[in-house]
Amino acid sequence: MNNDSRGRTTKDGIRIYDRADFAGMHAAGKVAAQILDDISAHIFPGQTTAEIDRLITEMVDAAGATSATIGYKGYQHASCISVNHVVCHGIPGAKMLKDGDILNIDVTVIVDGWFGDTSRMYVAGKLPRKAERLIEVTHEALLRGIEMVKPGNTFGDIGHAIQTFVEANRMSVVRDFCGHGVGRVFHAPPNVLHYGRPGSGATLEEGMIFTIEPMVNLGRPETKTLADEWTAVTRDKSLSAQFEHSVGVTDTGCEIFTLSPGNKFHPTYES
Ligand code: MF3
Ligand code: CO
Ligand code: CO
């Protein structure tokens with residue numbers, strides 16, 4: 001990456017960032033990932049999602065960062081917490097977690113103007129067998145998508161890798177939400193679909209920064225949004241899981257900005 005790429009946007013409207021920008025993303029991604037590491041001690045039956053969000057708000061503050069979600073399109077919380085059949089954008093509230101509940105916690109922070117966006121799965125108490133399989137497949141699907149990230153591949157290659165793996169495991173990929181360009185702004189082009197055909201979509205170039213954040217359902221892929229205008233649930237009430245990383249394309253592959261400092265991204269299933 002060199003300085004004459006600074007500020008360039010591809011014909012698909014995708015911004016190309018430089019090496020110093022990647023350093024900014026690493027700093028922001030690390031703060032978000034550290035918060036997701038630190039919140040794991042606070043997930044247990046009887047805990048409320050409002051209390052989890054309160055702790056996250058404190059952690060964002062203690063890190064000297066800013067929440068990207070508080071005030072975003074009217075959203076009022078530092079995290080989205082999506083329990084069981086909630087696909088994404090679950091609003092923290094007074095409801096208590098029960099033994100065996102699975103949840104995605106999604107945090108986006110701003111550090112020096114850079115947006116770090118990541119989410120992962122947690123369990124309250126003992127992880128049910130079906131949920132374990134769902135979480136494993138969703139995590140592996142994200143990794144298979146990330147493996148496709150290198151210059152010359154297309155966004156369709158990423159989606160195809162995710163979709164084929166998920167469907168081979170007889171689960172479904174949510175179509176109604178996608179990953180996104182990220183960097184100096186929260187949501188930028190392109191839409192990063194988690195399904196697709198090889199070779200379709202924009203071609204990846206060194207310097208692109210985006211999220212991959214597949215949502216996988218045990219049942220059918222359809223979702224609906226509740227009256228609160230945020231909470232997205234599976235129409236068939238089946239369990240849903242999601243993992244999200246923010247990544248940047250390098251000359252040979254990619255860098256992951258939101259790696260877990262404590263190596264806690266992959267859930268460990270001791271019971
Ligand atoms: N962090 C989510 C994403 O991955 C967006 C949440 S927007 C909110 O893109 F307003 F719901 F918080
Ligand atoms: Co995102
Ligand atoms: Co997110």
| request: Go through the residues of region 194-207 one by one and say whether even a single one is out of contact with any helix residue (DSSP H, G or I) (no Cβ under 6 Å at 6 or more places or on another chain) and within 16 Å of ligand 2 (Cβ to nearest atom). | output: no
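One line per residue, one yes/no per condition, for (1) at pLDDT 95 or above; (2) within 16 Å of ligand 2 (Cβ to nearest atom); (3) under 21 Å from residue 187 (Cα atoms):
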{"site": "222", "(1), (2), (3)": "yes, no, no"}
{"site": "229", "(1), (2), (3)": "yes, no, yes"}
{"site": "234", "(1), (2), (3)": "yes, no, no"}
{"site": "238", "(1), (2), (3)": "yes, no, no"}
{"site": "242", "(1), (2), (3)": "yes, yes, yes"}
{"site": "247", "(1), (2), (3)": "yes, yes, yes"}
{"site": "251", "(1), (2), (3)": "yes, no, no"}
{"site": "266", "(1), (2), (3)": "no, no, no"}
| request: Select from region 230-244 the residues that are within 15 Å of the chain's Cα centre (by Cα) and either farther than 11 Å from residue 82 by Cβ or of a type in the set (Asp, Glu) (or both) and write down the one among them that is surrounded by the most Cβ atoms within 10 Å (Cβ to Cβ). | output: 243
| In region 194-226, which residues are assigned to a loop (DSSP other than H, G, I, E, B) and within 16 Å of ligand 3 (Cβ to nearest atom)? | 194, 213, 214
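Can you tell me which residue among 60, 31 is in contact (Cβ under 8 Å) with a residue 12 or more places away in the chain, in contact with a Ser or Thr (Cβ under 6 Å, 6 or more places away or on another chain) and not aromatic (Phe, Trp, Tyr)?
Testing whether each residue is in contact (Cβ under 8 Å) with a residue 12 or more places away in the chain, in contact with a Ser or Thr (Cβ under 6 Å, 6 or more places away or on another chain) and not aromatic (Phe, Trp, Tyr) leaves just 60.
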| field | Residue list for region 48-73, filter: away from ligand 2 (no atom under 16 Å from the Cβ), among the polar types (S, T, N, Q) and open to solvent by less than 20 Å² (accessible area, probe 1.4 Å) | value | 49
| Listed residues 26, 42; which is without any contact (Cβ under 8 Å) to a residue 24 or more places away in the chain and either open to solvent by less than 60 Å² (accessible area, probe 1.4 Å) or not hydroxyl-bearing (Ser, Thr, Tyr) (or both)? | 42
| request: Tally the residues that are within 17 Å of residue 191 (Cβ to Cβ) and either out of contact with any Phe, Trp or Tyr (no Cβ under 8 Å at 6 or more places or on another chain) or of a type in the set (S, T, N, Q) (or both), restricting the search to region 147-171. | output: 10
| Which numbered condition residue 7 fails, given (1) in a loop (DSSP other than H, G, I, E, B); (2) open to solvent by 30 Å² or more (accessible area, probe 1.4 Å); (3) at pLDDT 95 or above; (4) not basic (Lys, Arg) | (3)
| request: Count, please, the residues in region 171-216 that happen to be within 16 Å of ligand 1 (Cβ to nearest atom), among the acidic types (Asp, Glu) and open to solvent by 50 Å² or more (accessible area, probe 1.4 Å). | output: 1
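Among 106, 101, which is the only one that is open to solvent by less than 30 Å² (accessible area, probe 1.4 Å) and within 15 Å of ligand 3 (Cβ to nearest atom)?
The conditions single out 106.
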| field | Cβ-Cβ under 7 Å pairs, at least 6 apart or on other chains, region 109-136 side under 23 Å from residue 185 (Cβ atoms) and more than 14 Å from ligand 2 (Cβ to nearest atom), far side at pLDDT 95 or above and among the β-branched types (Val, Ile, Thr) | value | 111/31
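The values are calculated or read from the model by the stated rules, or taken from the named source; none is laboratory data. Worth saying up front: this structure is predicted, and the values here are computed from it rather than measured. So basically every Cβ, Gly included, is an ideal-geometry build from the backbone, and we count neighbours across all protein chains shown. Quick note on the areas: whole protein, heavy atoms, side chains included, nothing else; ligands and nucleic acids left out. Shrake-Rupley method; radii C 1.70, N 1.55, O 1.52, S 1.80 Å.
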